[in-house]
Amino acid sequence: MSQATGITVLNVLRVVQRNARVWWKYKVPSLVGNLGQPLLFLVAFGFGLGQQIDTIAGLTYLQFIAPGLSASAVMYSAAFEATYGSYTRLSTQSTFEGILMTPITVEELALGEVLWGALKGLLSGLIMIVVMPFFGLWPSLWVICLPLLLFVAGILFAALGLIMTALATNYDFFNYFVSLIITPLFLFSGIFFAIENLPTPTQAVLRFVPLAPVVDLARMFCYGTMQPGWPVQVGTIVLLAAAASWLAAILLRRRLIK
Amino acid sequence: MNSTNTQYSLIVEARGLAKAFGVRQALKGIDFDIRQGECFGFLGPNGAGKTTTIQIILGLVEKSAGELLVFGQRVPDHLKSIKVQVGVVPQHDNLDTDLTVFENLLTYASYYQLPRHEAAVRATELLKFFALDNRRRDYIRQLSGGQRRRLLLARAMMHRPQLLILDEPTVGLDPQARHLIWQRLKSLREQGVTMMLTSHYMDEVARLSDRILVMDQGQVVAQGEPKQMVSDLVGLDVFEVVCTDDECLLLEVVAADCHARTERTPDGLYIYTSKDCAELDRAIRPCSQWLRRPANLEDLFIQLTGRTLHES
């Protein structure tokens, strides 16, 4: 507790708590904003386009895309919270400045912001799972493990977002992040089509991008269709999440302490 | 001064404290002590290094050189345990605009791990003390400048800090609002809270501070007790005279005979006296406009930091 470098879990939680207190006031518009898009995709593609498409890997098209859309909901919520949300607290609202005058350190603040983004992501992902039965989709028992996966994915994307926030000079900076990272990940991570159908070199690239293994695993956990090597994929995501969080904390310190 | 530590404990000790932002030397090695229970005033023009000093104490800026002890603990190694005992009123309002007045206090208290019930009691008490108890449900944007400052003060006091750092606590406020804040600060001082105050309002510093330090361009130019410093460095009385060139020249000669210091301004003369002098009184009388007043901190400040604007 007396060391400047030590991280106190309670301090991290206080940052989360502060954001949760604010979120609670605006929960309805916030949820609509986070869920509108993936739900619309589920309806438009799953029902609409799905009529024209045969099964993929033994799943109807609706079954095929639903778990991936849940993963993408996590990505969008977590990444947007840790960019637009965190950057507002960093810049215009001076919230970070206020927090750093207290015993809370930059590292605790960074982890708090990442954890908060991850929780928002998890919530969005869970709601997508919960509505699946309303679309006639019934998950397997493996789905119990899915929240943990979505949470780790949330950490990863919130940390990536916070890295952008630490580097941003204005809101327009996030256009790079959204247009060059988030949107391509959404389209090419195997949510809408099986990566296996693509040429091998393309597959290799796509397997490397951070959303693809999450989509893959989400589908396995949803339908209990576990394939060999899944623990390696989980391990990869956990490692990426930890590395991104660590980098976010370092960059935020560089940004805030002169 | 060899028995200082037995007389009072030191809350802040700075030795050779320096900070460079790139090539700009914001602090060029300053020394000062803040004693328990006193109000220590930092004076200096904009860019003198006052805020940088505060930010180093808070760990928001890393020192380039020197030693800094707060509560006897080294900065930045022990920042966490130091900051538990420090309250800050920043120069720029950073109240949480997403939260109400009361929620601001509760949330801030949570950063110090104050139990929620205790925080609620404390917040109610402080809102009353700072005359804000009818605004507890309001959002920050609904508050006036004076109310925001008072809320910043209340926020800084939530965890009962031993050291209160006030960076320009009344900047931009109207006289009523300033007086209310001064009253409250005096009462906090009587309760034994040690204060570090920066300001460029001389009346504010003169009112509140036991000892002051004058900074200019990153250096300490003087420190001591304000009254003593004014009489030592400025004198007893100041004449502000509007005079023609000839009148001014004559006055300068008379002043020199009276061992008074003079300073020319575009339209006249300032004369700083250290004792009464009948010849000077007589020589001034024919001038079209003149004023005699006690020397004050502003004279000291101008004397030490110059009359021209030199922002860095």
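Each reported figure results from applying straightforward, stated rules to the coordinates on display, with no laboratory input. Since the structure is predicted, the reported quantities are computational estimates derived from the model, not experimental observations. Cβ placement follows ideal geometry from the backbone for every residue including glycine, while neighbour counts extend to all protein chains displayed.
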Size of the dipole of the stretch A:1-152 about the Cα centre, Lys and Arg at +1 and Asp and Glu at -1 on the beta carbon, nothing else charged, in debye to 20?
400 debye
Net charge contributed by nearby residues that have their C-beta within less than 13 Å of residue B:93 (K/R +1, D/E -1)
+1
Among B:223-236, B:146-159, the order from most to least packed when residues are scored by Cβ within 10 Å on average
B:146-159, B:223-236
Can you bin every Cα-Cα distance in the stretch A:37-76 into 5 Å intervals starting at zero and give me the percent of pairs per bin, rounded to whole numbers?
6, 28, 31, 21, 11, 3
Kirkwood hydrodynamic radius for the stretch A:101-164: how many Å is it when counted over pairs of different Cα atoms?
13.1 Å
Over the Cα atoms of the protein assembly as shown, Rg to Rh with Kirkwood Rh, two decimal places?
1.14
Local electrostatic count at residue B:278 - Lys and Arg +1, Asp and Glu -1, tallied over other residues with Cβ under 14 Å:
-1
Cα pair distances of the stretch B:114-259 binned at 10 Å [whole percent]:
9, 30, 26, 16, 11, 6, 2, 0
Dipole moment magnitude, nearest 20 debye, the protein assembly as shown about Cα centre, only Lys, Arg, Asp, Glu C-beta charged:
1760 debye
Karplus-derived 3J(HN,Hα), 6.51/-1.76/1.60, for each residue of the stretch B:161-172, Hz, glycine and proline x:
x, 8, 10, 10, 9, 10, 9, 6, x, 10, 4, x
Sorted by Cβ density within 10 Å, fewest first, the residues B:160, B:135
B:160, B:135
The alpha-carbon center of the stretch B:19-98 and that of the stretch A:145-188 are separated, in whole Å, by 36 Å
Ranked on Cβ counts within 10 Å of their own Cβ, fewest leading, A:114, A:28, B:193 go A:28, B:193, A:114
D_trans [Stokes-Einstein, Kirkwood Rh over alpha-carbon pairs] for the stretch A:1-88, 10 °C, 1.306 mPa s, µm² s⁻¹:
100 µm²/s
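Only four residue types carry charge here, +1 at the Cβ of Lys and Arg and -1 at the Cβ of Asp and Glu. Report the dipole size of the stretch B:1-125 about the Cα centre in Debye, rounded to the nearest 20.
With Lys and Arg at +1 and Asp and Glu at -1, about 420 debye.
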Distance histogram for the stretch B:247-312 (every C-alpha pair counted, 10 angstrom bins, percent rounded to whole numbers):
18, 52, 25, 5, 0
Any idea what angle helix A:9-25 forms with the longest principal axis of chain A, computed on alpha-carbon atoms, 0 to 90 degrees, nearest 10?
70 degrees
When the gyration tensor of the stretch A:160-229 is built from Cα positions, what are the square roots of 5 times its three eigenvalues, in whole Å, from largest to smallest?
28, 14, 10
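In which sequence would B:33, B:257, B:98 go, from the one with the fewest C-beta neighbours within 10 Å to the one with the most?
Final ranking by Cβ density, sparse to dense: B:257, B:33, B:98.
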Cα-derived Rg over Rh, computed across the stretch B:196-247 with Rh taken as Kirkwood radius:
1.10
For peptide B:72-84, the mean count of other chain Cβ atoms within 10 Å per residue Cβ is 4
Quick one: what Rg and Dmax do you get for the stretch B:184-312 from the alpha carbons, in Å?
17.1, 56
A student applying the Cα gyration tensor rule (rounded when a/c is under 1.5; otherwise prolate if a/b is larger than b/c, oblate if not) would label the stretch B:134-181 oblate
Restricting things to Cα coordinates, could you compute the convex hull volume per residue of the stretch B:66-186 in Å³?
118 Å³
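Checking the table B:28/B:275; A:120/B:128; B:50/B:83; A:120/B:63; A:258/B:80 against a 27 Å threshold on Cα-Cα, which pairs fail?
Details: B:28/B:275 37 Å; A:120/B:128 37 Å; B:50/B:83 19 Å; A:120/B:63 38 Å; A:258/B:80 18 Å.
Pairs exceeding the cut-off: B:28/B:275; A:120/B:128; A:120/B:63.
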For the stretch A:133-258, list log₁₀ I(q)/I(0) at each q in 0.13, 0.18, 0.19, 0.21 Å⁻¹, using the Debye formula over Cα point scatterers of equal strength and ignoring solvent, two decimals each.
-0.63, -1.05, -1.13, -1.26
Tell me, what is the FRET efficiency for residue B:138 and residue B:191 to the nearest 0.05, using R0 = 25 angstrom and their Cβ-Cβ distance as r?
0.40
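Please express the shape of the stretch B:1-132 as an equivalent ellipsoid: the semi-axes are the square roots of 5 times the eigenvalues of the C-alpha gyration tensor, given largest first in whole angstrom.
Numbers: eigenvalues 183, 76, 41 Å².
So the three semi-axes of the stretch B:1-132 are 30, 20, 14 Å.
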Give me a single rounded figure for B:152-165: the average over its residues of other chain Cβ atoms within 10 Å of their Cβ.
1
Everything considered on the Cα gyration tensor (a ≥ b ≥ c; rounded for a/c under 1.5, else prolate if a/b is larger than b/c, else oblate), the stretch B:26-80 must be described as oblate
With the calculation restricted to Cα positions, what are the radius of gyration and Dmax of chain B in angstrom?
22.5, 73
Can you work out the base-10 log of I(q)/I(0) for chain A at q = 0.13 1/Å, using the Debye formula on its C-alpha atoms alone?
-0.81
Work out the mean other chain Cβ neighbour count within 10 Å for the residues of B:92-98 and drop it here as an integer.
6
